[in-house]
Amino acid sequence: MTPAQTQHHAMVHAPRIRDDMTVEVALSLMAGARVDHLVLCDGDDQSTGLVTLSRLSVCRDAPTYTDRVRIRDVPER
């Protein structure tokens, strides 16, 4: 599989979320779905990217983290 096909394949089978979801809820969803990433979607349900378990874990471990942090507020690496 080419990288483009692999990314598309991963996006088809991952749960889809909007960026207004909290990090806590996203982590819970990942645990329940047993996945290491979620597909980010805009208001029209169009895929806009991925958010990974490792990215959310780094955010959660930061000293400034609270349970109200939204996905859109998680900095890119």
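Quick notes on this structure:
- Flag for residue 24 being at pLDDT 90 or above, of a type outside the set (Ser, Thr, Tyr) and either open to solvent by 40 Å² or more (accessible area, probe 1.4 Å) or in contact with a helix residue (DSSP H, G or I) (Cβ under 9 Å, 6 or more places away or on another chain) (or both): yes
- Consider the range 2-21 and keep the residues that are hydrophobic (A, V, I, L, M, F, W, C) and open to solvent by less than 80 Å² (accessible area, probe 1.4 Å). The one that is modelled with the lowest pLDDT is 4.
- Lone qualifier among 73, 44, 67 - being exposed (fewer than 11 other Cβ atoms within 10 Å of the Cβ) and either at pLDDT 95 or above or closer than 17 Å to residue 18 by Cβ (or both): 44
- Residues that are of a type outside the set (D, E, K, R) and over 14 Å from residue 59 (Cβ atoms) within the range 25-36 comprise 28, 29, 31, 32, 33, 35, listed in sequence order.
The values are calculated or read from the model by the stated rules, or taken from the named source; none is laboratory data. What you see is a predicted model, and the numbers here were worked out from it, not measured in a lab. Note that each Cβ is placed from the backbone with ideal geometry, even for glycine, and that neighbours are counted across all protein chains shown. Accessible surface is based on the protein model in full, side chains and every heavy atom, while ligands, DNA and RNA are left aside. Shrake-Rupley method; radii C 1.70, N 1.55, O 1.52, S 1.80 Å.
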